[in-house]
Amino acid sequence: AAQFVWLPLQSSTLIDRAMLRSAPTTLMGIYNYTLGAFPNFKFAFPLAALPDRLVIYLDLLNQQFGPIGIGLGIVGLLALLSRRTRYFFLLVGMYLAEIWFFIQYSAFDLDVFFIPAHMLWAMFIGFGVYEIIHAAQFFVAYVRARSPRPYISTPITVVAGCMMILFAAVPLRGNWSANDFSNDTAVNDFYAGVWSVLPENSALVTQSGVFGYDA
């Protein structure tokens, strides 16, 4: 949450009159600048529509991690619940709050708002993989010594680590070209063009929206 301290520290740099009206210099101003932004998007669906909205999120989750990632995440959740109960309630509480809020959000680019939830699910996957490594180490120790003693098997850990890297690298490589917008200069090109043709002392007024693309 410390990142939000940057808002009042940098509020003096605002020069736009519309933004100055809700400058983040007070608690209400910070709220309006963060959770209070885009009020017309929030809680835009009735309760009857929430199951369908939840299906949209589950489809996005499947796109991100696939059935294997979802399964590993469930294993991680169960491991957290049984071994690290406080971690479970902290992380799951954050996760459910994120899901509950944004399945009711009507933004056209809804998928990007679930990135924090995906990050949390990636943590659940990490706990799941750890649990599987732990079980494999006990199994190897039992086969070798006929006694279920803890044994840190370096090869198992290395193989599991490599598989985790591949698990992330393969979809990253497959989806990189479709999601690489590093050369997308449409907004800057538009503004460079529009200010060159507008008369002096003009004002460009647009709807509130995604910066630049609304115009």
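The values are calculated or read from the model by the stated rules, or taken from the named source; none is laboratory data. Not measured: the values here are computed from a predicted model. Positions of Cβ are backbone-derived with ideal geometry, glycine not excepted, and every protein chain shown enters the neighbour counts. Heads up: the accessible areas ignore ligands, DNA and RNA and are worked out on the full protein's heavy atoms, side chains in. Shrake-Rupley method; radii C 1.70, N 1.55, O 1.52, S 1.80 Å.
Among the residues of region 73-113, the one identified as within 22 Å of Ile165 (Cα to Cα), of a type in the set (A, V, I, L, M, F, W, C) and open to solvent by less than 30 Å² (accessible area, probe 1.4 Å) is Ala79. All conditions in (1) under 17 Å from Phe101 (Cβ atoms); (2) open to solvent by 50 Å² or more (accessible area, probe 1.4 Å) hold for Tyr57, with the sole exception of (2). The residues listed here are Leu81, Leu90; of these, the one that is in a helix (DSSP H, G or I) and in contact with a helix residue (DSSP H, G or I) (Cβ under 7 Å, 6 or more places away or on another chain) is Leu81. Within region 171-187, identify whether any single residue is under 28 Å from Asn62 (Cα atoms), assigned to a helix (DSSP H, G or I), among the basic types (Lys, Arg) and free of Cβ contacts under 8 Å to residues at least 12 places away in the same chain, and answer yes or no. Checked against the condition, which is being under 28 Å from Asn62 (Cα atoms), assigned to a helix (DSSP H, G or I), among the basic types (Lys, Arg) and free of Cβ contacts under 8 Å to residues at least 12 places away in the same chain, region 171-187 yields at least one hit.
Within region 11-41, track down each residue that is assigned to a helix (DSSP H, G or I) and surrounded by 11 or more Cβ atoms within 10 Å (Cβ to Cβ). If the condition is that a residue be assigned to a helix (DSSP H, G or I) and surrounded by 11 or more Cβ atoms within 10 Å (Cβ to Cβ), then Ser11, Met19, Leu20, Met28, Gly29, Ile30, Tyr31, Asn32, Tyr33, Phe41 are the ones that fit.
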